[in-house]
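No value in this document is a laboratory result; all are computed from the given coordinates. None of these values were measured; they are calculated from a predicted model. Using ideal geometry, Cβ is built from the backbone for each residue, glycine included, and neighbour counts are taken over all protein chains shown.
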Amino acid sequence: MVKELKILELFAGVGGFRIGLENANSELFKTKWSNQWEPSRKSQDAFEVYQYHFPDSENLNEDIANISDKKFASMNADIIVGGFPCQDYSVARSKKHEMGIQGKKGVLFWEIIRAVRQINPKYLILENVDRLLKSPSSQRGRDFAIMLAAFNELNYSVEWRVINAADYGRRQRRRRVYFFVYRNDVPFAKKVDSKFEKETNFLNEDNLYNEYMYDYGLFARQFCVQKSPHKNRQDFYKLPEDIVDISDNFTGKVWNTGIMRHGRYFTIETKPCDNEKPIPLKETLLSEAEVGNEFYIHDTDKIKKFAHLRGPKKLERITADGHKYTYSEGSMSPYEDLQLPSRTMLTSEGSVNRSTHFLKINNNYRLLTPVEAERLQDFPDDWTKYKMTKDGKIVSVSNRMRMFFMGNALVTDIIKRIGVQLMEILEQEHDE
């Protein structure tokens, strides 16, 4: 059995990947290097929270584009992990401003590829918003196909799955696409070749890669799905060798589950098995005595504002060229349903807006606390309460920033389960 897997955590935030993997097995998964840099902020709060908790690793607080090839090459990482910036794909952005892989932050994907070229890790575990699979709106799936081609060019396979954390027993309805990327010469890849490639030519609707996605792949083993394509949605595609050709001419489909190997991908739409019940919001919340008065809303005008924001509306608007149109928005529940798992948290959680969690408990109105936000992402209580500044001082983090961190974070229990399954794959290889 492998005694240690050395990890490089990119776009590290406040350490979600590290928490998840260490919860899976802290002796096996060892994060040796991390990089966190927020170019739009003078204060590097996320990095300082990470540094407060993990001073034992080499934590780089600089633009990833400024990390030299030589520096990457010095990192003998077995795994690269990261939730690479998703602002250009996020549903929080309008389609008019959607930029995908061509966007300012979208191009940071190529920094991951640059790191892979220099480090040649055995595995990668990546995360992004599920809209990535349909980006850009004018040529759906193109950006993801470009990413698949980039990994194929470096001799890697890519398995992906859109996972809603609430479907697998967690506290939040948060849909994200996860990638399990593995080098084609690792034992697991060779076993896949032996089991599937010799039995099918892959480009066949009755392809045996269905078995991979239902039973054999990492996600299939850990995150159960119903064993038939939802609405009969399944497609296969052979990637052109020229990435520019994909950029110009891609017309394929990318569903929520798939596998890319040797320049060909097979993809299906799956539905989760209905055997893991989510945790309702009421079981996440602090008791009334534990909630500070600053989170309660007594201002009648603010309560009315939330009612307006969450209610139906039709507003007349004017485009930049003077065209008038009516913007319509349907109603949503006036406050959160405590019997259901939480809605998705966004980075705007700490402000007054339509997506903010608005609670009514015992006829009192309030907002989520930072601790409750941390729980919704499976972080330890008060994980983001303190940070370590460059001069070594330990200082408190503002509540607004703590909520921003959690809106940007991932559900660490999902990462834990991915780590557990990777560990089982490695143990099986050792036993054989």
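Which links in LYS122/LYS416; LYS30/LYS122; LYS122/LYS191; LYS134/LYS304; LYS42/LYS387 stretch past 25 Å when you go from one Cα to the other? Spell out each step's value before the answer.
Working: LYS122/LYS416 19 Å; LYS30/LYS122 15 Å; LYS122/LYS191 15 Å; LYS134/LYS304 37 Å; LYS42/LYS387 15 Å.
Pairs exceeding 25 Å: LYS134/LYS304.
With the simple spin-label model, which puts each label point 7 Å out from Cα in the Cβ direction, the ASN353 to ASP215 separation comes to 4.6 nm.
Placing unit charges on each Cβ (+1 for Lys and Arg, -1 for Asp and Glu) gives segment 347-400 a dipole about its Cα centre, and among VAL371, TRP383, VAL352 the Cα reaching farthest toward its positive end belongs to VAL352. Take the Cα of ILE361, step 7 Å toward its Cβ, do the same at GLU283, and the gap between the two points is 1.6 nm.
Bridge orientation summary for the chain: considering DSSP beta bridges with both residues in this region, about 75 percent are antiparallel.
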